[in-house]
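Data first, discussion second: the structure below is written as structure tokens.
The values are calculated or read from the model by the stated rules, or taken from the named source; none is laboratory data. Predicted model only: the values in this text are computed from it and were never measured. Here Cβ is always computed from backbone atoms with ideal geometry, including for glycine, and neighbour counts include all displayed protein chains. Keep in mind that these areas ignore ligands, DNA and RNA; they rest on the heavy atoms of the full protein, side chains included. Shrake-Rupley method; radii C 1.70, N 1.55, O 1.52, S 1.80 Å.
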Amino acid sequence: MRHSLTVLGTLSVATTVLLALTDGAAAAATGLALITAVALVLGRYAVGGGVRDGGDRKAVRLLGSRAPALGGWRRIVTDTFADDAEVHFASVMRPQLQRLFAARLAERHGVAMHRNPQRASALVGAELWPWIDPGATAPRATLPEPVLRSLLDRLEAL
């Protein structure tokens, strides 16, 4: 950083001197004002002046998808116990449960479920962890209703 500032400072001085020699004092003053303005803007950016959020940046998404509303959850649960329950459990219910558990573990316990599965498993419980383990397949193709109730009870308890 120091080397870059030295090079830029030397280049600025040389540019101002060249402007003064070729076009006179007015051109040198204009060049110096322009260089100073650019240096201030870059300096503000470098020290973090742009850290304040003006609302122009895209919102940070902590979770990968939008949370379903209450009506959406009713449909998800109903479809989980319907005729095509295997497909629905694998593609919808299990990812939603994983998302909920990941959020709860991160919020309340500071545990990243995907990065620290051993700690997450200990918090969730060994009997329920296989149903939401992101690194493995579910123990069965369908989710039994008592297991879903246990998972939701455990989610609330966390």
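The set of residues in region 1-23 that are open to solvent by 60 Å² or more (accessible area, probe 1.4 Å), among the aliphatic types (A, V, I, L, M) and in a helix (DSSP H, G or I) comprises 5, 7, 8, 11, 13, 17, 18, 21.
Before we move on, is residue 91 in a helix (DSSP H, G or I), closer than 23 Å to residue 128 by Cα, open to solvent by 60 Å² or more (accessible area, probe 1.4 Å) and modelled with pLDDT of 75 or more? Give the derivation first.
Working: in a helix (DSSP H, G or I): yes; closer than 23 Å to residue 128 by Cα: yes; open to solvent by 60 Å² or more (accessible area, probe 1.4 Å): yes; modelled with pLDDT of 75 or more: yes.
Criteria met by residue 91.
Consider only pairs whose beta carbons are under 7 Å apart and that are at least six residues apart or on different chains; among these, list those whose first residue lies in region 100-125 and is β-branched (Val, Ile, Thr) and whose second residue is assigned to a helix (DSSP H, G or I). Close Cβ pairs (under 7 Å, with a partner that is assigned to a helix (DSSP H, G or I)) amount to 111/105; 111/119; 111/120; 111/123; 124/101; 124/132; 124/154. If you go through region 125-150 and keep only what is closer than 14 Å to residue 89 by Cα, open to solvent by 80 Å² or more (accessible area, probe 1.4 Å) and not in a helix (DSSP H, G or I), you end up with 137, 140. Restricting attention to region 103-126, the residues being over 20 Å from residue 150 (Cα atoms) and of a type in the set (Val, Ile, Thr) number 1.
Is at least one residue of region 46-68 of a type in the set (Asp, Glu), at pLDDT below 75, open to solvent by 50 Å² or more (accessible area, probe 1.4 Å) and not in a helix (DSSP H, G or I)? Taking every residue of region 46-68 in turn, at least one turns out to be of a type in the set (Asp, Glu), at pLDDT below 75, open to solvent by 50 Å² or more (accessible area, probe 1.4 Å) and not in a helix (DSSP H, G or I).
Going by what's in this entry, would residue 122 be described as open to solvent by 70 Å² or more (accessible area, probe 1.4 Å), in a loop (DSSP other than H, G, I, E, B), of a type in the set (Gly, Ala, Ser) and at pLDDT 80 or above? When the stated conditions are applied, residue 122 does not pass them.
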